[in-house]
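Structure, as structure tokens:
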Amino acid sequence: MIPYSQNAQHKEILMKIATLAIITRGNKILLGRKQGAPKIGEGTVNGPGGKFESPRDKSILDCVINETKEELGVTLDPARTEKVAVITFHAGGIANFEVHVYHVSDFSGEPREIKSMVPEWHDIDKIPYDRMLESDEKWFPQLIRGEKFRTNVYYREKAKGFLGIDPFLPFVE
């Protein structure tokens, strides 16, 4: 069993919980370009999300709602925000992030730029995989097709040196 923690003050390696929002409107997807020295993926595009932080986040759903508001300035309706995947990211052979992915197409507010993210709308059939993290091209299409899944993604080091992805398993909440 992999130990979970919201902070890593112990000597053992603890996997962090994080979220990712896939926001669509019609045939468009809202992504954000990371800027301002993020810990992972400066200059890449992805959906909003971030680490689960207690006590601010009462649940993983709260986390994706809070992170989306913070990063893009839009408000998600919890009743219309659906968990669609859980992806465990491994770095150097160690599971270090369990990312809970949510899909939503109903939100309020207009996306706005902040110091860490610039919003960009893209056609769903023209997602800029060449501007995303290496593994995204392997699992993102399943999300766009509406598939729900669990999988593991492997890197040599955190978000660098993509090694591979496990087969997709069914996702059940």
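Quick note: the coordinates plus some simple rules give every number you see, no bench work behind them. Keep in mind it's a predicted model, so treat the numbers as computed, not measured. Quick reminder, even Gly has a Cβ in these numbers, built from the backbone with ideal geometry, and neighbours come from all protein chains shown.
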Hey, can you grab everything whose amide H is under 5 Å from the amide H of K16? Only 5+ residues off in sequence or another chain; H modelled, so Pro and N-termini drop out.
-> F97, E98
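Rounded if a/c is under 1.5, else prolate if a/b beats b/c, else oblate: with a ≥ b ≥ c from the C-alpha gyration tensor eigenvalues square-rooted, which is segment 96-142?
Working: a/c = 1.43, a/b = 1.34, b/c = 1.07.
Rounded shape, in that the Cα axes give a/c under 1.5.
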With θ set to phi - 60° and the Karplus curve 6.51 cos²θ - 1.76 cosθ + 1.60, what are the ³J(HN,Hα) couplings of segment 18-35 in order, to the nearest whole Hz, using x for Gly and Pro?
-> 9, 10, 8, 9, 9, 10, 10, 9, x, 9, 10, 10, 9, 10, x, 8, 6, 8
Under a point-charge model restricted to the Cβ atoms of Lys and Arg (+1) and Asp and Glu (-1), what is the dipole moment magnitude of the chain relative to its Cα centre, in debye to the nearest 20?
-> 260 debye
Farthest positive-ward along segment 76-127 dipole, Cα basis, beta-carbon charges - from H103, W121, A85 = A85
Show that you can apply the helix-only estimate: for the chain, add -39,500 (n - 2.57) for every DSSP H stretch of four or more residues, divide by all residues, and state [θ] at 222 nm to the nearest 500.
-> -4000 deg cm²/dmol
Just tell me which lysines come within less than 21 Å, Cα to Cα, of K138; anything on the same chain fewer than 8 places away is out.
-> K28, K34, K83, K126, K148, K158, K160
Once amide H atoms are placed 1.01 Å from N in the peptide plane, what residues at a sequence separation of 5 or more from M117, or on another chain, have their amide H within under 5 Å of its amide H?
-> Q35
Can you list the aspartates and glutamates whose alpha carbon sits under 14 Å from that of K69, skipping same-chain ones fewer than 8 residues off?
-> D57, D77, D106, E110, E113
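Per-residue counts of other Cβ atoms within 10 Å, averaged by peptide: what ranking do you get for 131-139, 54-62, highest first?
Details: 131-139: 16.8, 54-62: 12.9.
Taking the mean over residues of other Cβ atoms within 10 Å, the ranking is 131-139, 54-62.
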Show the residues, 5+ positions off or on another chain, whose built amide H is closer than 5 Å to the amide H of H90.
-> N96, V153, Y154, Y155
